[in-house]
Each structure stands twice: as structure tokens, then as C-alpha cells.
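Colleague: Have a look at this one.
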Amino acid sequence: MTRITISQAAQHLGKPVEIAGWLYNLRSSGKICFPQIRDGSGIMQCVAVKAQLPEAVFDALKKLTQESSVIVRGKIRAEQRAPGGFEMDVEDAEVVQRVDEEKPYPVSLKEHGPDFLLDHRHLWIRSRKQHAVLHVRHEVIKAVRDYFDSNGFTLCDTPIFTPAACEGTTTVFEVDYFEDEKVYLTQSGQLYNEATAAAFGKVYTFGPAFRAEKSKTRRHLTEFWMVEPEMAYATLDDVKRVAEEMICFVVGRVLANRRAELAVLEREVTKLEAVKGPFPHISYDDAVKTLQKKGSNIQWGGDLGGTDETLLSENYDRPVMVDRYPAQIKAFYFQPDPVRPELALGVDVLAPEGYGEIIGGGQRIHDLALLEQRLEEHKLPREAFEWYLDLRRFGSVPHAGFGMGIERCVTWLCGIDHLRETIPFPRMLYRTRP
RNA sequence: UCCUCAGUAGCUCAACGGUAGAGCAUUCGGCUGUUAACCGAAGGGUUGUAGGUUCGAAUCCUACCUGAGGAGCCA
């Protein structure tokens with residue numbers, strides 16, 4: 001008997017096969033019942049007819065409880081009435097573990113509230129929608145890696161324990177490191193990326209980042225995943241080009257390989273099909289003017305708020321790049337604009353449909369004296385940055401890079417309204433379980 | 001940290017000062033093509049916690065706890 005996954009059903013029509021999975025749903029009508037089995041690759045509707053089965057097998061199936069693990073054997077045929085288009089005529093079944101009806105599976109197919117679902121996240125991820133979102137996440141991550149791997153970037157992972165906050169300003173999680181030493185969970189691999197870029201030319205790091213800000217919004221997690229490329233001999237324009245190419249590549253992959261998941265999510269595919277280069281570019285100056293015309297009370301020199309990002313992205317059907325922000329609202333390491341030094345050569349990419357910032361990046365300072373001056377202005381402990389300053393002493397070159405938040409990207413592509421559903425086990429303010 | 005909202009059956013909600021209810025889930029019964037199947041019946045409650053007002057509180061008031069949304073900050 002050949003064991004197949006449900007996704008392979010079309011290649012095994014008419015042949016005896018077995019499917020190992022869990023009971024997703026069951027409908028029963030006296031002498032016939034329809035167990036729907038999920039196996040992680042899809043959902044298969046089965047048909048069990050009393051007259052054609054041993055009594056024990058039929059009874060076991062008819063009384064099966066939700067999410068009991070079960071192996072079913074039989075032949076598969078095309079069936080229009082079945083969701084998914086295929087159906088198995090069950091000839092035999094083996095219950096691996098039966099969920100006790102006295103303590104039934106808690107996540108029913110009916111509606112639930114967010115608190116309940118998040119408390120049961122370890123089970124919630126079995127449901128169709130969550131399953132689809134996490135499949136899209138997998139596709140996004142794979143596409144991102146494929147893009148960099150096939151464009152001359154070397155994966156150089158950066159440390160998670162760091163001796164100091166990368167950017168000084170934001171709050172970091174402090175960890176006891178053996179006796180008498182404190183380390184911090186990384187907020188970004190960027191500073192280390194600059195070192196590996198000088199070693200390998202083009203690099204990227206892909207890993208978790210931690211932010212201890214008490215942010216309480218649908219766009220924040222305390223632990224999230226970020227891909228950060230960095231390029232030596234590169235400028236702001238290179239960052240913009242690579243970011244655009246990468247986004248188009250990722251969106252294309254999701255459209256090519258995850259149509260079924262997007263359908264489960266009821267995502268408007270045309271909105272994603274519109275994501276093609278070139279992306280619109282707008283300067284921070286113009287962004288502020290546009291926003292003021294639209295009624296925002298943003299002033300020049302202030303950062304774009306969440307509503308500002310939404311207002312701005314409403315103007316476009318694809319991601320928009322906003323560049324040259326005031327240096328004062330950007331991190332210390334941004335290279336100033338040569339014509340207007342009060343501006344930083346940084347760029348943010350805002351996703352369409354109000355999904356906000358998914359990418360932030362820019363060109364880094366390569367001049368030693370200027371970097372030393374910035375460290376002082378930001379009152380950063382110079383000792384901790386000596387190694388970083390070395391990068392400007394030994395073969396410094398113009399270099400640039402960016403970071404993309406994986407969960408924000410997945411949230412946008414899936415068209416869902418909360419970041420927490422795009423990671424298997426979200427870590428948020430006040431929620432660290434399960 | 002601040003602002004707003006919400007906690008009633010396992011779940012989703014109703015009852016808004018006068019006997020705590022429905023759908024789903026569970027159990028029992030019915031049904032040979034169900035699509036979050038349907039039909040009949042049963043069990044299931046210290047209304048988040050602690051005080052207060054009242055003849056009477058799920059309902060009004062106060063504090064606290066828990067959660068959600070938003071602000072600031074960011075990916």
C-alpha cells in the first residue's frame with residue numbers, strides 16, 4: 001500500500017493508497033459518513049459506506065472525534081462535489097489516537113476570539129487559514145533566500161547575543177551572561193553585516209531580532225524575523241534597486257506557488273499582480289507636503305506615523321519608496337546627503353493597501369571622522385564601537401544595505417490584519433505562551 | 001507608559017435593575033451525498049476578582065486583575 005500525501009492525490013487516481021492524518025471534520029448520515037482528513041499538505045474528503053465496510057471500521061469512523069489521528073486506505077477518484085475536487089472511497093481505517101469526547105478538541109470550526117485562539121496557538125496552527133498563512137511565510141522566506149543566493153550574496157549570520165545595543169536608542173532585552181556580564185538580544189544584524197560585507201562583498205543575514213519596546217499594536221512583535229542584505233561599494237541607489245528586485249521576486253514566487261493558500265485567505269490576487277517595477281519614488285520632503293495636503297498634521301522633521309504611511313500608500317498600487325529623511329530622526333550610522341547634509345541617505349519601503357513600512361535601509365557612513373562625531377552626538381559608548389570604527393580604518397568604502405521584516409511582508413501578501421498570525425508562535429507584549 | 005473598549009456555559013454571543021438564555025461543541029436518538037450538514041432530546045453557570053448602592057445587581061458605582069484596539073517607537 002503506497003502512502004501518499006493529499007497534495008499528491010491527482011497522481012494516484014484509481015490506485016489503492018493510504019493517507020495518514022487527522023480528522024478535520026465529519027458529516028454523517030445514517031449509513032454513510034464523510035470524514036474529512038487533513039495531513040498537512042491538504043484536506044481529503046473520504047466516503048465511508050456502511051454496507052461496504054466491516055462494521056467495526058464504519059463505527060470507528062462514524063464516531064471519530066475532531067483531530068483524532070487516523071490512517072485511511074482506499075482508492076481516490078475525481079469528485080466535483082468534494083472540496084478540493086478529489087475523494088477517497090474508504091476501504092479500511094486505523095485510528096492511531098482517538099481524542100476523548102469528554103475533553104474534545106477545543107478549537108472548533110466555529111468562530112473564536114483572539115484571546116482564546118492565542119492561548120491555543122499550538123492547536124490553532126492546524127486550522128485552514130493559519131495553515132495557509134504559514135505556508136505563505138515559508139514561500140516568502142525561501143524566495144528571499146533564493147533571491148540573494150542567486151545574486152551573488154553570501155549568507156553570513158550575525159550574533160544574537162550582542163555586547164551593546166545596535167542603535168543605542170531603542171530598548172533592548174538584557175540577558176545574564178555567566179558571572180558579572182550582561183549581554184543584549186540583537187535588535188538588528190546590521191553593524192556586523194558591515195563587517196562581513198567588507199569580507200565578502202555582498203552578504204545577507206537572516207534571523208530573529210528582538211525589540212523590548214512596549215509597543216502594543218497589530219504591527220509589532222517583540223521577537224520577529226528579519227532579512228538584512230549589505231553591499232560593499234554600494235550606494236542608496238543600489239539599495240533601492242535591490243529592494244525593488246527582491247520584492248518583485250518574492251511576490252512573483254508567492255503568486256506562482258501559493259495560489260491555493262491565497263484563495264483560502266480570500267486574498268485579492270490582482271492587487272499582488274500589480275506589484276511590478278519600477279516602484280514610485282518620493283522624497284521625504286515631498287511626502288510631507290503630500291501628507292499635509294491630505295490633512296495630516298505632520299511637520300517637517302517628524303517621522304511618518306502609522307496613519308501617515310497609510311495615507312501615502314493609498315496613492316499607489318505598488319510599494320512606494322520614501323527617501324532622504326532628516327538625519328535627526330534616523331540612526332547614527334546613516335550617510336548624509338552630499339548636497340543637503342541635514343538629510344540622511346536612507347529609504348523606507350511602504351507596502352500598499354495601508355500595510356506600512358516593510359523595509360528600512362540606506363547608505364552607511366564610511367568616513368572615520370564623521371562616524372566618530374556621530375557616536376559622540378548620540379552619546380554612544382565609544383569602546384563598544386571600536387571594532388565598528390576599524391571598518392573605517394581598514395579599507396573603508398561606500399556601502400549600503402537594508403532590512404526587511406518577514407512578518408510584515410507576509411501580513412501584506414496574505415492581506416490579513418495582524419502580524420501575530422504570520423509567525424507560528426508570536427511573542428508580544430504580555431504574551432509569551434505557548 | 002498613556003487613551004479607548006471588553007470580560008456571562010468548553011467556544012461565540014444575548015439578556016441592560018425583577019426567575020440567567022440561544023447557536024456551536026459534548027452525550028443519546030434519526031437520516032445512503034453531507035459541504036462550518038440537518039432534525040429531535042439531555043447534561044452543562046459562584047455572570048473576571050473584591051467591595052459598595054438597592055427590597056432586589058450579570059445589569060448601577062469604586063478599585064483591582066486579564067485581554068483587545070490605538071498612540072509613541074520601529075521591521
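The values are calculated or read from the model by the stated rules, or taken from the named source; none is laboratory data. Owing to the predicted nature of the structure, the values given are computational and were not obtained by experimental measurement. Here the Cβ is made from the backbone with ideal geometry for all residues, glycine too, and neighbour counts use every protein chain on show. Heavy atoms of the whole protein, side chains included, go into the accessibility calculation; ligands, DNA and RNA do not. Shrake-Rupley method; radii C 1.70, N 1.55, O 1.52, S 1.80 Å.
Colleague: Tell me which residues, restricted to segment A:287-300, are hydrophobic (A, V, I, L, M, F, W, C) and either surrounded by 14 or more Cβ atoms within 10 Å (Cβ to Cβ) or over 17 Å from residue A:343 (Cβ atoms) (or both).
Modeller: The answer is A:287, A:288, A:291, A:298.
Colleague: I would also like to ask the following. Among the residues in segment A:98-107, are any more than 30 Å from residue A:121 (Cβ to Cβ), of a type outside the set (Asp, Glu) and more than 8 Å from RNA strand B (Cβ to nearest atom)?
Modeller: Scanning segment A:98-107, I find no residue that is more than 30 Å from residue A:121 (Cβ to Cβ), of a type outside the set (Asp, Glu) and more than 8 Å from RNA strand B (Cβ to nearest atom), so the answer is no.
Colleague: Based on what the data block shows, is residue A:279 surrounded by fewer than 21 Cβ atoms within 10 Å (Cβ to Cβ), touching a residue at least 40 places away in the same chain (Cβ under 8 Å) and closer than 21 Å to residue A:364 by Cβ?
Modeller: No, not satisfied.
Colleague: Which one of the conditions (1) in contact (Cβ under 8 Å) with a residue 60 or more places away in the chain; (2) surrounded by 15 or more Cβ atoms within 10 Å (Cβ to Cβ) does residue A:284 fail to meet, given that it meets all the rest?
Modeller: Evaluating residue A:284 over (1) in contact (Cβ under 8 Å) with a residue 60 or more places away in the chain; (2) surrounded by 15 or more Cβ atoms within 10 Å (Cβ to Cβ) leaves (1) as the failure.
Colleague: Would you be able to tell me the number of residues in segment A:348-374 that are under 26 Å from the mean Cα position of the chain (by Cα) and either within 11 Å of RNA strand B (Cβ to nearest atom) or assigned to a loop (DSSP other than H, G, I, E, B) (or both)?
Modeller: Of the residues in that region, 15 qualify.
Colleague: With respect to the numbered conditions (1) within 14 Å of RNA strand B (Cβ to nearest atom); (2) small (Gly, Ala, Ser); (3) more than 29 Å from residue A:305 (Cβ to Cβ), which one is the sole condition not fulfilled by residue A:232?
Modeller: (1)
Colleague: State all residues of segment A:50-60 that are open to solvent by 50 Å² or more (accessible area, probe 1.4 Å), within 11 Å of RNA strand B (Cβ to nearest atom) and not acidic (Asp, Glu); if no residue qualifies, say none.
Modeller: Of everything in segment A:50-60, those that are open to solvent by 50 Å² or more (accessible area, probe 1.4 Å), within 11 Å of RNA strand B (Cβ to nearest atom) and not acidic (Asp, Glu) turn out to be A:50, A:51, A:52.
Colleague: Can you tell me which of A:393, A:433, A:427 is surrounded by fewer than 18 Cβ atoms within 10 Å (Cβ to Cβ), basic (Lys, Arg) and free of Cβ contacts under 8 Å to residues at least 40 places away in the same chain?
Modeller: So the residue among A:393, A:433, A:427 that is surrounded by fewer than 18 Cβ atoms within 10 Å (Cβ to Cβ), basic (Lys, Arg) and free of Cβ contacts under 8 Å to residues at least 40 places away in the same chain is A:393.
Colleague: If you don't mind, another one. Just one of A:47, A:133 is among the aliphatic types (A, V, I, L, M), more than 12 Å from RNA strand B (Cβ to nearest atom) and open to solvent by less than 50 Å² (accessible area, probe 1.4 Å); which is it?
Modeller: A:133
Colleague: Residue A:420 - would you say it is outside any loop (DSSP other than H, G, I, E, B) and either touching a Lys or Arg at 6+ places or on another chain (Cβ under 9 Å) or within 11 Å of RNA strand B (Cβ to nearest atom) (or both)?
Modeller: Considered against the rule, which asks whether it is outside any loop (DSSP other than H, G, I, E, B) and either touching a Lys or Arg at 6+ places or on another chain (Cβ under 9 Å) or within 11 Å of RNA strand B (Cβ to nearest atom) (or both), residue A:420 comes out as yes.
Colleague: Right, something else. Those residues that are near RNA strand B (Cβ under 9 Å from one of its atoms) and exposed (fewer than 11 other Cβ atoms within 10 Å of the Cβ), I need them from segment A:1-36; list them, please.
Modeller: If the condition is that a residue be near RNA strand B (Cβ under 9 Å from one of its atoms) and exposed (fewer than 11 other Cβ atoms within 10 Å of the Cβ), then A:27, A:29, A:30 are the ones that fit.
Colleague: While we're here: Could you pull out the residue among A:53, A:61 that is among the aliphatic types (A, V, I, L, M) and more than 25 Å from residue A:102 (Cα to Cα)?
Modeller: A:53
Colleague: Further question on the same structure: Out of the helices (runs of 4 or more DSSP H) lying entirely within segment A:29-148, which hold 2 or more residues that are free of Cβ contacts under 8 Å to residues at least 40 places away in the same chain?
Modeller: The helices (runs of 4 or more DSSP H) meeting that bar are A:55-62, A:114-119.
Colleague: Among the listed residues A:216, A:202, A:182, A:240, which satisfies the condition of being open to solvent by 40 Å² or more (accessible area, probe 1.4 Å), charged (D, E, K, R) and touching a residue at least 60 places away in the same chain (Cβ under 8 Å)?
Modeller: Answer to the selection: A:216.
Colleague: A further question on this structure: What are the residues in segment A:376-390 that are surrounded by 13 or more Cβ atoms within 10 Å (Cβ to Cβ) and within 16 Å of RNA strand B (Cβ to nearest atom), if any?
Modeller: A:378, A:380, listed by residue number.
Colleague: Specify the residue that is surrounded by the most Cβ atoms within 10 Å (Cβ to Cβ); the eligible residues are those in segment A:397-417 that are within 7 Å of RNA strand B (Cβ to nearest atom) and under 21 Å from residue A:117 (Cα atoms).
Modeller: A:407
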